[in-house]
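The values are calculated or read from the model by the stated rules, or taken from the named source; none is laboratory data. Just so it is clear, the model here is predicted, and its values are computed rather than measured. Here the Cβ positions follow ideal geometry from the backbone for every residue, glycine too, while neighbour counts run over all protein chains shown.
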């Protein structure tokens, strides 16, 4: 079995995904997405795929977050465009 | 000689890598691109000569035999398509030399050459793939490059179209990857030949998983090739790109999804009877939708390039419909139509590009009497329109003839009727344009403009000549293709 | 029909659900950056699914110790790890390109909303 | 407007996938169909013959090296397309390049940290065939160190230290390096990207210089990924 840790991280992943989909603040969504990617990397480590985990930690959690941060810095932070 | 199979992909890739390193000055990027494309064409021609007699090259990259390594497979089908694709590329690259530079800044121009070559490499890679994951990787190369050559043109509508295309093709890529992983999950293979042997047993044990995987693959590649309800990205993308880019996208890039599905179906999925029953029928119904609705949308367009883009949706429908009856004659017509449509649509977009380049007009209503200013361009456009409708002596007639014959032979007269009906509809939106162009009165008769420069005219006229040659003497091509179709259907 | 067996495949289920959440975000949200986030969730969902296919209970990661494999132990499927690695790189490339398109679009139109872009164009 | 068709599509895909999964092999079975002779060959072959302890790296850079070449090309394509988009200044709104940070602590700490991160990145690249990691992860770490520099000292100084043209040249050259290694296989009388089959010495298992072309390719990929990442970030930061 994958154990309680595994089940817990799956639940965490799903929660994070829903939060990313729901929150209107793009910066907050980016940070939650970074946490999501890190937990995803841990899950893959638990599933005995260390190469994938290290790459996800570097690319998914690192570079993707940086890209989102830069894009938000150059555009706008919130989804609402009432202005 | 077998190394040609991998060089076919590696040459355009190397050219693309060279451009940012060596092509940083002025016209160098163009020269690198043209040289690369000519080399690729030579390579493809040699492969076509080798494989034309029905013998296929199986190349083991890294000397690892399948199922462990990646196998490339070049048979008459892929060699034929590769040859014509690179030939069309020569014309488009030559056309770009004068058309593109004044629309782009130097950095974007450099990447334009590079992305064009990457697109070609991706297409040729898809045509020669014999491994599911390798197919996926090359699909991504060509999709990203296709978005890239739309967005090099720094206008709002191009950027938006490129983004829409990119996001939808990411959805398609997700479906494809999920389909591949489902297939791998139950078979443990990625190589086509091994999948084909493993699939009959697996399909008995896991019928729903196999069907779901096939549905996902068909959705993904259907989206990439603009099959009817999934075509929503195409009109924006193809009408807002630079004209040579539109020619390549509409003529070649949408065909990659079809090629991938043909190959997959022929070499893998036909091993499972349930799939053979379900998938072609499904594709055929969608194809009919595309042929009817695409034509109706094309009729209502006011923009020349947008109309040509909707016409592509219709022609994709023909190819899928002819494929769906699973008859060698119809399949011969379908493969020939891939090439014919590439030539015709490429030529139409390039001549539209010439008209836009010289006059700046792109509304259909503004094109009255354009033939008095640019008769040679208009001759090319007329050949293209006639080919699209399927008038005899053009190549479009030959492929439609074979498609109709094949559908009748397969006992599906309804499909034949749809093909004829859609041709009639094509006539309704192409001919008014041609008639107005030749016989309409120009709005301002005083300002006569000369034809475009020869370096832009000869590629267009060359493609027109190729269309006529293929239309008048189709014999040699048909004999090669008949072989290819029989190999594809395994008969 | 769909049976309760689904719950014995919790990892697969999670991967598929992430795929669907991402897909839904991508298709329904009007904000472009949010769409790209949805794309990333969708892709990581697929990767989770693929890594889970490669896993088997009681196996080791496919890195041999010095002196070769330990007798009697098995390893997870290295082929899926390799394909997922490729997939991750492709996903990041797509994200980077999509975000640069979005930044450029924002510079030209001042909005991230697809509906507003649609209005601006027509 | 957009909601209903999207929802229907998602439900349809969910139904298809649920049907597929309800009969698919259960999770974590040691005798799952995918665990066949193909997988076993990779593992057995690794321990018998080739000198690469990390099987995943061996698959990426050797058995399926052609796919990885395609993957490097996808990265190259993305950078090219992004660079082409962001190269011109045609926007009506004023581009807002990222500002540098003036925090002293941040500057000092990153000055100290960056060399170590770079050394770690190089370590992950060159030891990719022995331990987890490899060209992609290591290149990302290497690129990440430069990204830290970019974020702290701003794009202007970054471009002064590492001109964009260099990044582009490194990108193209490293991608071509992959092709060159592949062509080396043909020159040695074997097929494209051949490693042991072309007679490349594999070296002693588990040591730094082992695994034949895997080491060479990994190095190229590391440089390529690092160049790609810094190019992308600089372009996106708005200093072009």
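Structure notes:
- Output for the stretch B:133-185, where each listed residue is under 19 Å from residue C:43 (Cβ atoms), at the interface with another protein chain (Cβ under 8 Å from one of its Cβ atoms) and under 17 Å from the mean Cα position of the chain (by Cα): B:138, B:140, B:141, B:144, B:147
- Matching residues, the stretch A:42-51, being crowded, with 23+ Cβ neighbours inside 10 Å, more than 8 Å from chain D (Cβ to nearest Cβ) and part of a helix (DSSP H, G or I): A:43, A:44
- Residues being farther than 20 Å from residue A:64 by Cβ and without any contact (Cβ under 8 Å) to a residue 40 or more places away in the chain - total across the stretch D:122-165: 5
- Of the residues examined, residue D:32 is one that is buried (at least 18 other Cβ atoms within 10 Å of the Cβ), in contact with a helix residue (DSSP H, G or I) (Cβ under 9 Å, 6 or more places away or on another chain), facing chain C (nearest Cβ under 9 Å) and at pLDDT below 90.
- Test for residue D:78: is it at pLDDT 80 or above, closer than 24 Å to residue B:175 by Cβ and surrounded by fewer than 24 Cβ atoms within 10 Å (Cβ to Cβ): no
- Residues of the stretch D:122-138 satisfying the condition of being buried (at least 24 other Cβ atoms within 10 Å of the Cβ) and facing chain A (nearest Cβ under 9 Å): D:124, D:128, D:133, D:134, D:136, D:137, D:138
- Check on residue D:87, at pLDDT below 90, surrounded by fewer than 19 Cβ atoms within 10 Å (Cβ to Cβ), more than 9 Å from chain C (Cβ to nearest Cβ) and touching a helix residue (DSSP H, G or I) at 6+ places or on another chain (Cβ under 8 Å): no
- Candidates B:76, B:45, filtered to the one that is closer than 17 Å to residue B:6 by Cα, crowded, with 23+ Cβ neighbours inside 10 Å and more than 13 Å from chain D (Cβ to nearest Cβ): B:76
- Of everything listed in (1) closer than 16 Å to residue C:44 by Cα; (2) surrounded by 23 or more Cβ atoms within 10 Å (Cβ to Cβ), the single unmet condition for residue A:67 is (1).
- Where residue D:70 falls short, out of the listed (1) modelled with pLDDT of 80 or more; (2) facing chain C (nearest Cβ under 9 Å); (3) over 30 Å from residue B:154 (Cβ atoms); (4) crowded, with 19+ Cβ neighbours inside 10 Å: (3)
- Per-region count, the stretch B:52-70, residues assigned to a helix (DSSP H, G or I) and in contact with a strand residue (DSSP E or B) (Cβ under 6 Å, 6 or more places away or on another chain): 0
- Within the stretch A:1-38, restricting attention to residues that are more than 11 Å from chain D (Cβ to nearest Cβ), under 20 Å from residue D:28 (Cβ atoms) and surrounded by fewer than 16 Cβ atoms within 10 Å (Cβ to Cβ), the residue that is nearest to the chain's Cα centre (by Cα) is A:11.
- Exactly one residue out of D:154, D:211 is at positive phi and assigned to a loop (DSSP other than H, G, I, E, B): that is D:211.
- Within the stretch C:77-117, the set of residues being touching a strand residue (DSSP E or B) at 6+ places or on another chain (Cβ under 9 Å) and more than 9 Å from chain D (Cβ to nearest Cβ) comprises C:112, C:113.
- Taking the stretch B:363-480 as the region of interest, the helices (runs of 4 or more DSSP H) fully inside it that hold 3 or more residues being under 25 Å from residue B:307 (Cβ atoms) and modelled with pLDDT of 90 or more are B:375-389, B:395-409, B:413-439, B:454-472.
- The stretch B:115-130 residues that are within 14 Å of residue D:77 (Cα to Cα), paired with ones that are not in a helix (DSSP H, G or I) (beta carbon under 8 Å, 6 or more apart): B:115/B:152
- Restricting attention to the stretch C:15-56 and to residues that are facing another protein chain (nearest Cβ under 7 Å) and not in a helix (DSSP H, G or I), the residue that is nearest to the chain's Cα centre (by Cα) turns out to be C:55.
- Test: residue in the stretch B:186-197 that is modelled with pLDDT of 90 or more, within 12 Å of chain D (Cβ to nearest Cβ) and within 20 Å of the chain's Cα centre (by Cα): no
- The stretch D:50-67, subset part of a loop (DSSP other than H, G, I, E, B) and within 12 Å of chain B (Cβ to nearest Cβ), residue farthest from residue B:141 (Cα to Cα): D:50
- Residues of the stretch B:102-118 that are closer than 19 Å to residue B:18 by Cα and more than 9 Å from chain D (Cβ to nearest Cβ): B:113, B:116, B:117.
- When the criteria are applied in full, residue B:483 fails the requirement of being in contact with a helix residue (DSSP H, G or I) (Cβ under 6 Å, 6 or more places away or on another chain) and surrounded by fewer than 19 Cβ atoms within 10 Å (Cβ to Cβ).
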